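See structure below.
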Amino acid sequence: MAPAIELSEVGRAYGERTALSGVSLTLEPGRTLAVFGANGAGKTTLLRILATLLRPHAGRARVLGRDLPQDGWAVRGRVGLLAHEPLLYRELSARENLQFHARLHGVAETRVEALLDQVGLRRRADEPVRTLSRGMAQRVAICRASLHEPELLLLDEPLANLDPGAAEAVEPLIGRTAGPARVVISHDVEHGLAEADLVLGLKAGRPALLDPAGAVTAGDVKALY
Amino acid sequence: MFGRGLRTLSIASVVLVTGAFALVFLYAPNDADQGFVQKIFYLHVPLAIVALGGFVAGGVFAIQYLRTGDRGYDLRSYVAIHLSLILGLGVLATGSIWAKASWGAWWVWDEPTLVSFLIVFLLFACYQPLRFSIDDPERQARYAAVFAIIGGAFVPLNFLAVRLASSLIHPRVLGTTGGSMPGEMRLTFLVSLVAMVCLFVTLWKYELASKHASMRLRRLKRALAGDDAAGPLARTSAPTQI
Amino acid sequence: MAGSAPTADAQDATDAPPRPARAGVGFMSAVSALVRKDLRLELRTRESVPAMFLFSLSTFVLFRFGLDRETLEGDLASGVLWVTLLFAAVLGMNRLFVAEREEGGFDAFLLAPVDRTSLFVAKAAVLFGFLVAVEIAAIPVFSVLLLGPSPLQAFPGLLAILLLADIGIAVIGTLVGALAIQTRARDLIVPLISLPLILPVVIAAGHATAPLFAEAGAEALPARWLGVLGLYDLVFGLLALAVFDFLVED
C-alpha cells in the first residue's frame, strides 16, 4: 500500500517569511506522526498543507498516493481535519452541523446519530453549539472530523478541553487504535510520544528533529521549545 | 528583465510626442464650430483610449497570472492599472475643460462616453485600496487578479449600457463619423494616439523595471546580510515579489 | 535519521489499488446542502432579510423628505425604487459570507469532495432569495407610501425586470462578498466595489421600469433594456463561474 504521506523538501512561505522549509518524511498507513514545536514553528502550516488547504511552495508532497496540489481534489474527502477552531456554525445545533457535513461528504445520516451516541452527546444534540461547553464542542468537532471515515486524520490538539471520560469516548474515533494514519499536534509531550510511531520536531519552520518514537526522549522534545 | 528596449522606446516617445504637439499646434486646422479649444480633443481622446486599453490589458495580464502563477504578470497588471488610473484623472480633467469650453458646463451628464468613463474610473479606483487591505502577498495578488478580470470585462458592458441610456451630445469623433474629419485632423489624431500609446508603454516599462530592481536589491540585501538587513516590508498595495 | 527518506519516484505500479473513494458528492446535492444550511441559519438568526427590509422602509421615508415629494411617478419612482433595492442588496452582500468567516466554516467546505463552484451557486441563490423576499414586502410598501399610479399596472413587466436584475445583483454580490471576506476593510470594500459594478443593472432596470410607473397608465416595456440585463447576467454569470475558484482556494 502506498504510504499515507510522502514529503520531500516541502516548504511554504508567507510573503518574505518562511513558514516551513525542508520537511521530508514518510508515514506508513495506520501509523502516527507526532509533531512538536513552539507556537509559530510551522506545525499548523504543515497540517494545512496535508489537508490540501494550502499548496506547498517548494518540494513534493504526496498524500494517500496523490500529488499535491494537482490531485488535491482526489484527496479531499479521504482526509479528516481537526483544527484549532471547531469549524462549526454556532447558531446551528450539533446534529444540524453534522448533518450538513454528512451531506457535503455523501455520508448517510444514520452515521451522524451513531457518532452522537458514541461521544455521549445525544441529549444535547439539538441545542445551538454556542450553548455547549468547549469540551462538548470539541467532541462535536471530533465527530465532524471522523464522520466520513477518513484514511488520514490530521489532529491539532485533539484532547484539549476533554475530560478523561470524553477522551476515552473519542479514542475509537481518532485514537491510535482507530485505524487511519494520523498526524497529531500536541503540547502534551509524554502522551504525544507514547502514542507516536514517528516524531517530527519543528523549530522556526525547519525540521530540528525527525526520528522514530522509540529513539526520542521527552528531553529532546522539550529542547525544541 | 523589463529594461530591454527601454532606451529605444524612450527616444521614440519623445519623438512622437514632440511630433504630435507640432502637428496639433502648427498643422491641424481649427475646428469650424469650436475653434481653438477643440484641440484639447487630441489629448483627451488618446488619453481615454489608452487608459481604457490599459485597464483591459491589466485584466489580460491578470488572466495570465491566474493561469501560470507567475508573479511577473501580477506586477505587469498592477502597473498597467495604476498608470491607467493616473491617465484616467487626466481624461476626466481634460473632458471637463472641453465640456466647459464647448458647452458651458464643467460636467454634462448627457455624454455617455464621459459618464461611462467616470464609472469605470470609480471601479478601478478601488483596485489599490483592495490590494492594500489584504496582508498576505500571494492572496493579495490573486484577489487583485480576480478584480482586474471583472473590471476588464466590465468596461465594454458599462459603455454599452450608458450609451443606450443617453442622448448623443458627446461628439462621436471616431467610427462612422470618420467622414466628417478632414485629412489633416485625422493624421494629427492618429499621431497623437500612437504617441500616447508609446508614452504609456514606455512609462509602464520604466515602472516595471524600477520596481523589479527594488525587489532584487532587497533580496540581495537579505541574502548577503541576513533577514534583518533590509528592514520589515511596509504594507503596500504594490506587488513586492516576483 | 531513520525513516526520513522519501519513497518518491517512478514505480507507482506496485501500489495496491487505493480503497475506492466515496463517490464525489454531486454538484446539485452540494448546492442544496449549502442552501439549506444558509436558509436554516437565516431563519434561526433572522439577521439579513428583516434588516434589508427595514432599511428599505427607512430609505423610502428618507426619499420622501429628501425629494420633498409625497407621490412619485415615472422616472422618479423608478429611480427611487431601484436605488433603495440596491442599497438593501449591499446590506445583504455584507452579511452573505459572514457566517463562514467567523465560524471558520470555509475550511470545512474546502475539505469536502465537492466542486468549489457549488459554493458560488449556493450563495448567489441565497442572495437572490433574500432579494426576492425583501421585494415581496418592500414593493407593496413602496406602492402605499410613495407610488402615485397603481402598482398593478406595472405587472407583469415589473416581474421580468425584477427577476433579471436580481440575478445580476446576486451574481455580483456573491463575487464581491467573496472578494471582501479576506480583506481587513470588509464593510467598506463591499459597497465601494459593488456600486460601480451594479450601476449598469440599475441603469437598465431603472429605464425599463420608468414607463411602467407612468402617471397616465403603464406604457410599453422597452425590451432592449431587458436585453441589456440579460446580457449582463450572462457575461458576469459566466465570468463568476470561471473566477470564483480562485477566491476560495489557497
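Structure above, values below:
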quantity: Rg to Rh, two decimals, where the stretch B:63-153 supplies the alpha carbon set and Rh follows Kirkwood; calculated: 1.10
quantity: Qualifying lysines (Cα of each under 22 Å from Cα of residue A:222; at least 8 residues distant if same chain); calculated: A:43, A:203
quantity: Hydrodynamic radius by Kirkwood, which averages 1/r over all alpha carbon pairs of the stretch A:17-103, in angstrom; calculated: 15.0
quantity: Order of A:73, C:225 under a 10 Å beta carbon neighbour criterion, fewest first; calculated: A:73, C:225
quantity: For A:111, C:44, A:62, order by how many other beta-carbon atoms lie within 10 Å, fewest first; calculated: C:44, A:111, A:62
quantity: Enclosed volume per residue, in Å³, of the convex hull spanned by Cα atoms of the stretch A:21-69; calculated: 85
quantity: Long-range Cα-Cα pairs in the stretch A:88-215 (distance over 18 Å), rounded percent; calculated: 56
quantity: Whole-number percent relative contact order across the stretch C:30-107, with pairs defined as alpha carbons under 8 Å at least 6 apart; calculated: 36
quantity: Equivalent ellipsoid semi-axes, the protein assembly as shown, via Cα gyration tensor eigenvalues times 5, rooted, Å; calculated: 54, 36, 18
quantity: Convex hull (Cα only) mean projected area of the stretch C:98-250, reported in nm² to one decimal; calculated: 10.1
quantity: Relative pair counts by distance (%), Cα atoms of the stretch A:102-162, 10 Å bins; calculated: 20, 53, 26, 0
quantity: Computed helical MRE - 222 nm, the protein assembly as shown, DSSP H runs ≥ 4 contributing -39500 (n - 2.57), nearest 500; calculated: -19500 deg cm²/dmol
quantity: Average Cα contact separation per residue, the stretch B:23-82, under 8 Å, 6 or more apart, as relative contact order %; calculated: 26
quantity: Label point at residue A:114 placed 7 Å out along Cα→Cβ; residues across the stretch A:134-153 whose backbone nitrogen lies under 16 Å; calculated: A:143-151
quantity: Over 25 Å [Cα-Cα, the stretch A:1-152], rounded percent; calculated: 38
quantity: Within chain C: Cβ-based charge dipole about Cα centre, in debye rounded to nearest 20 (Lys, Arg +1; Asp, Glu -1); calculated: 400
quantity: Percentage of interatomic Cα-Cα distances in the stretch C:20-115 larger than 24 Å; calculated: 45
quantity: Relative contact order (%) - criterion: Cα under 8 Å, at least six apart; region: chain C; calculated: 27
quantity: Cα-based convex hull, the stretch B:195-242, per residue volume (Å³, whole number); calculated: 70
quantity: The stretch C:87-128 - Debye-derived log10 I(q)/I(0), Cα point model, q = 0.15, 0.18, 0.31, 0.34 Å⁻¹; calculated: -0.40, -0.56, -1.12, -1.16
quantity: Using alpha carbons only: equivalent-ellipsoid semi-axes of the stretch B:1-122, gyration tensor based, whole Å; calculated: 32, 21, 8
quantity: For chain B, radius of gyration divided by Kirkwood radius, i.e. Rg to Rh on alpha-carbons; calculated: 1.03
quantity: Summed residue charge, Cβ within 15 Å of residue C:86's Cβ, Lys/Arg positive, Asp/Glu negative; calculated: -2
quantity: Sorted largest first, extent of the stretch B:1-47 alpha carbons per principal axis (Å); calculated: 49, 19, 8
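Just so you know, all these numbers are worked out from the coordinates, no wet-lab data involved. These numbers were taken from a predicted model, which means no experiment stands behind them. As a convention, Cβ positions derive from the backbone with ideal geometry for all residues, glycine included, and neighbour counts pool all protein chains shown.
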